[in-house]
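Notes for the one structure printed next.
The values are calculated or read from the model by the stated rules, or taken from the named source; none is laboratory data. The shown structure was predicted, so the numbers you read here are calculated from the model rather than taken from an experiment. All Cβ positions, glycine included, derive from the backbone under ideal geometry; neighbour counts span all protein chains shown.
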(Lines give C-alpha, C1' and ligand atoms only; values in the text may rest on other atoms or scores of the structure.)
Protein backbone atom coordinates (compact mmCIF):
# COMPACT_ATOMS: atom_id res chain seq x y z
CA UNK A 1 0.00 0.00 0.00
CA UNK A 2 2.78 2.56 0.57
CA UNK A 3 3.79 2.18 -3.07
CA UNK A 4 0.22 2.77 -4.20
CA UNK A 5 -0.08 5.90 -2.07
CA UNK A 6 3.24 7.23 -3.33
CA UNK A 7 2.40 6.53 -6.95
CA UNK A 8 -1.07 8.07 -6.70
CA UNK A 9 0.29 11.23 -5.05
CA UNK A 10 3.04 11.51 -7.68
CA UNK A 11 0.48 11.12 -10.48
CA UNK A 12 -1.79 13.75 -8.92
CA UNK A 13 1.15 16.16 -8.72
CA UNK A 14 1.93 15.49 -12.40
CA UNK A 15 5.15 13.61 -11.66
CA UNK A 16 4.28 10.62 -13.78
CA UNK A 17 7.87 9.42 -14.13
CA UNK A 18 8.10 9.05 -10.36
CA UNK A 19 4.78 7.18 -10.26
CA UNK A 20 5.83 4.64 -12.88
CA UNK A 21 9.38 4.35 -11.54
CA UNK A 22 8.06 3.70 -8.04
CA UNK A 23 5.80 0.88 -9.25
CA UNK A 24 8.49 -0.77 -11.38
CA UNK A 25 11.19 -0.37 -8.74
CA UNK A 26 8.99 -1.63 -5.94
CA UNK A 27 7.91 -4.70 -7.89
CA UNK A 28 11.46 -5.45 -8.96
CA UNK A 29 12.72 -5.23 -5.40
CA UNK A 30 9.82 -7.27 -4.02
CA UNK A 31 10.41 -10.05 -6.53
CA UNK A 32 14.19 -10.14 -6.57
CA UNK A 33 15.28 -8.67 -3.24
CA UNK A 34 12.64 -10.11 -0.92
CA UNK A 35 12.56 -13.48 -2.65
CA UNK A 36 16.37 -13.65 -2.70
CA UNK A 37 16.69 -12.72 0.98
CA UNK A 38 13.97 -15.18 1.95
CA UNK A 39 15.67 -18.01 0.10
CA UNK A 40 19.00 -17.16 1.74
CA UNK A 41 17.36 -17.17 5.17
CA UNK A 42 15.66 -20.52 4.43
CA UNK A 43 19.05 -22.21 4.28
CA UNK A 44 19.87 -25.32 2.32
CA UNK A 45 16.23 -26.44 2.21
CA UNK A 46 15.31 -23.43 0.07
CA UNK A 47 11.79 -22.14 -0.44
CA UNK A 48 9.00 -24.47 -1.44
CA UNK A 49 6.54 -23.06 -3.95
CA UNK A 50 3.01 -24.12 -3.01
CA UNK A 51 0.98 -25.88 -5.72
CA UNK A 52 -1.67 -23.14 -5.52
CA UNK A 53 0.90 -20.60 -6.72
CA UNK A 54 1.82 -22.74 -9.70
CA UNK A 55 -1.81 -23.55 -10.46
CA UNK A 56 -3.32 -20.06 -10.26
CA UNK A 57 -1.10 -17.18 -9.23
CA UNK A 58 1.58 -17.89 -11.82
CA UNK A 59 -1.02 -17.75 -14.60
CA UNK A 60 -2.39 -14.48 -13.24
CA UNK A 61 1.11 -12.99 -13.28
CA UNK A 62 1.69 -14.16 -16.86
CA UNK A 63 -1.69 -12.78 -17.96
CA UNK A 64 -0.94 -9.46 -16.28
CA UNK A 65 2.41 -9.22 -18.03
CA UNK A 66 0.76 -9.96 -21.37
CA UNK A 67 -1.97 -7.40 -20.67
CA UNK A 68 0.72 -4.78 -20.07
CA UNK A 69 2.36 -5.31 -23.47
CA UNK A 70 -0.23 -3.42 -25.57
CA UNK A 71 -0.23 -0.57 -23.08
CA UNK A 72 3.51 -0.23 -23.37
CA UNK A 73 3.50 -0.65 -27.16
CA UNK A 74 0.82 1.98 -27.86
CA UNK A 75 2.43 5.29 -27.14
CA UNK A 76 3.95 4.35 -23.78
CA UNK A 77 0.97 5.92 -22.06
CA UNK A 78 -1.49 4.37 -19.65
CA UNK A 79 -4.90 5.99 -20.18
CA UNK A 80 -7.37 6.40 -17.33
CA UNK A 81 -9.59 3.66 -18.69
CA UNK A 82 -6.61 1.28 -18.80
CA UNK A 83 -5.76 2.16 -15.21
CA UNK A 84 -9.37 1.49 -14.24
CA UNK A 85 -9.24 -1.89 -16.01
CA UNK A 86 -6.06 -2.88 -14.17
CA UNK A 87 -7.59 -1.77 -10.86
CA UNK A 88 -10.68 -3.84 -11.65
CA UNK A 89 -8.50 -6.86 -12.37
CA UNK A 90 -6.77 -6.40 -9.04
CA UNK A 91 -10.11 -6.23 -7.22
CA UNK A 92 -11.27 -9.39 -9.02
CA UNK A 93 -8.01 -11.17 -8.11
CA UNK A 94 -8.33 -10.25 -4.43
CA UNK A 95 -12.01 -11.28 -4.46
CA UNK A 96 -11.02 -14.65 -5.91
CA UNK A 97 -8.34 -15.14 -3.25
CA UNK A 98 -10.82 -14.31 -0.48
CA UNK A 99 -13.49 -16.64 -1.90
CA UNK A 100 -10.94 -19.44 -2.35
CA UNK A 101 -9.55 -19.02 1.18
CA UNK A 102 -13.05 -19.24 2.64
CA UNK A 103 -14.09 -22.01 0.24
CA UNK A 104 -17.18 -19.92 -0.41
CA UNK A 105 -20.10 -21.30 -2.40
CA UNK A 106 -19.85 -18.38 -4.86
CA UNK A 107 -16.33 -19.38 -5.94
CA UNK A 108 -17.57 -21.59 -8.79
CA UNK A 109 -19.89 -18.88 -10.10
CA UNK A 110 -17.18 -16.23 -9.77
CA UNK A 111 -14.62 -18.37 -11.60
CA UNK A 112 -17.12 -19.13 -14.35
CA UNK A 113 -17.93 -15.44 -14.78
CA UNK A 114 -14.25 -14.59 -14.99
CA UNK A 115 -13.49 -17.30 -17.56
CA UNK A 116 -16.68 -16.82 -19.60
CA UNK A 117 -16.90 -13.04 -19.66
CA UNK A 118 -13.84 -11.22 -18.37
CA UNK A 119 -11.14 -13.26 -20.10
CA UNK A 120 -12.76 -13.11 -23.58
CA UNK A 121 -13.52 -9.40 -23.16
CA UNK A 122 -9.90 -8.83 -22.18
CA UNK A 123 -8.58 -10.72 -25.21
CA UNK A 124 -10.86 -8.74 -27.54
CA UNK A 125 -9.76 -5.46 -25.94
CA UNK A 126 -6.08 -6.37 -26.26
CA UNK A 127 -6.51 -7.25 -29.93
CA UNK A 128 -8.40 -4.01 -30.66
CA UNK A 129 -5.81 -1.91 -28.83
CA UNK A 130 -2.98 -3.57 -30.76
CA UNK A 131 -4.69 -3.23 -34.14
CA UNK A 132 -6.05 0.31 -33.86
CA UNK A 133 -4.14 2.93 -35.81
CA UNK A 134 -1.75 4.94 -33.73
CA UNK A 135 -1.12 8.65 -34.16
CA UNK A 136 2.36 9.30 -35.44
CA UNK A 137 4.40 11.93 -33.64
CA UNK A 138 4.96 15.17 -35.52
CA UNK A 139 8.41 15.54 -37.10
CA UNK A 140 10.86 17.71 -35.17
CA UNK A 141 10.54 21.39 -35.96
CA UNK A 142 6.99 21.20 -37.31
CA UNK A 143 4.08 23.08 -35.75
CA UNK A 144 1.08 21.15 -34.51
- Query: Restricting attention to the stretch 100-112, does a residue exist that is in contact (Cβ under 8 Å) with a residue 12 or more places away in the chain and not assigned by TED's automatic domain parsing to the domain that holds residue 130?
  - Reply: no
- Task: Could you pull out the residue among 96, 90 that is within 15 Å of the chain's Cα centre (by Cα) and either outside the structural domain of residue 20 (by TED's automatic domain parsing) or assigned to a helix (DSSP H, G or I) (or both)?
- Result: 90
- Matching entry among 63, 101 (being part of a helix (DSSP H, G or I), surrounded by 12 or more Cβ atoms within 10 Å (Cβ to Cβ) and modelled with pLDDT of 80 or more): 63
- Query: Looking at residue 44, is it loosely packed, with under 10 Cβ neighbours inside 10 Å and part of a helix (DSSP H, G or I)?
  - Reply: yes
- Task: Please identify the pairs in which a residue from the stretch 48-74 that is farther than 19 Å from residue 35 by Cβ has its Cβ atom under 8 Å from the Cβ atom of a residue that is assigned to a helix (DSSP H, G or I) and modelled with pLDDT of 80 or more, counting only partners at least 6 apart or on another chain.
- Result: 67/86; 67/89
- Query: Quick one: residue 10 ticks every box in (1) part of a helix (DSSP H, G or I); (2) assigned by TED's automatic domain parsing to the domain that holds residue 119; (3) surrounded by 13 or more Cβ atoms within 10 Å (Cβ to Cβ) bar one, so which box is it?
  - Reply: (2)
